[in-house]
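The values are calculated or read from the model by the stated rules, or taken from the named source; none is laboratory data. Everything numeric here is computed off the predicted structure, so don't read it as measured data. Cβ: placed from backbone, ideal geometry, glycine included. Neighbour counts: every protein chain shown.
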Amino acid sequence: MSDYQIMEDAANSIMEIYEIDMPPVPIETILQKPRNNMWDEMDVTQLSGSFLSLKHRYSPRMSLTRMLARHVIFSQWGKEHGLHDIVTEGDDTEEWLRIFARMLVMPSIFLQDLTSSERNPSAMSLRFEVPDTDAQKRLEELANS
């Protein structure tokens, strides 16, 4: 199984663990209320404004999603599911974190339900509450996987 597929499966597993069955994925809730002691609880209201990107109306949400990705990858659960090894091998740690964040906020189990007319960055941006650029990258990653 490819590294990409291992991460894709992990993102889908998190949707199952949290019983999420449709977008948008409640990123803040997942961060604040870890299940099965996956990581320590987090108070997102304590984050500084400098942490959050404000380039797009959904940019702060992607910042939180990258934080969630980091928590999942470096948690015991992430290590047990092979995520830690994938991300820490080589020089592309930050890129793998961004890829996994996009998988978490736009899981493949939800993308498979999109119609062909919904498979564009603008429609996905609204449905998943992500910046258009992240939706475009997710589509490109799926096409190349």
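Would you confirm whether any residue within region 112-119 is under 17 Å from the mean Cα position of the chain (by Cα), surrounded by fewer than 22 Cβ atoms within 10 Å (Cβ to Cβ) and either over 22 Å from Tyr4 (Cβ atoms) or at pLDDT 95 or above (or both)?
The answer is no, given that none of the residues of region 112-119 is under 17 Å from the mean Cα position of the chain (by Cα), surrounded by fewer than 22 Cβ atoms within 10 Å (Cβ to Cβ) and either over 22 Å from Tyr4 (Cβ atoms) or at pLDDT 95 or above (or both).
Would you please name the residue that is surrounded by the most Cβ atoms within 10 Å (Cβ to Cβ), looking only at residues in region 85-110 that are modelled with pLDDT of 95 or more and in a loop (DSSP other than H, G, I, E, B)?
Per the criteria, the residue is Met106.
Has region 14-35 got at least one residue that is touching a residue at least 60 places away in the same chain (Cβ under 8 Å), touching a His at 6+ places or on another chain (Cβ under 7 Å), crowded, with 16+ Cβ neighbours inside 10 Å and closer than 24 Å to Leu142 by Cβ?
No, region 14-35 contains no residue that is touching a residue at least 60 places away in the same chain (Cβ under 8 Å), touching a His at 6+ places or on another chain (Cβ under 7 Å), crowded, with 16+ Cβ neighbours inside 10 Å and closer than 24 Å to Leu142 by Cβ.
Could you grab me the full set of residues in region 111-120 that are closer than 16 Å to Ser145 by Cβ and in a helix (DSSP H, G or I)?
If the condition is that a residue be closer than 16 Å to Ser145 by Cβ and in a helix (DSSP H, G or I), then Leu111 is the only one that fits.
Just to verify a result, which residue in region 37-83, among those that are basic (Lys, Arg) and over 15 Å from the mean Cα position of the chain (by Cα), is modelled with the highest pLDDT?
Only one residue tops the list, namely Lys79.
Would you mind stating whether Pro34 is at pLDDT 95 or above, outside any helix (DSSP H, G or I), within 16 Å of the chain's Cα centre (by Cα) and of a type outside the set (A, V, I, L, M, F, W, C)? Lay out the reasoning, then the answer.
Values: at pLDDT 95 or above: no; outside any helix (DSSP H, G or I): yes; within 16 Å of the chain's Cα centre (by Cα): yes; of a type outside the set (A, V, I, L, M, F, W, C): yes.
No, not satisfied.
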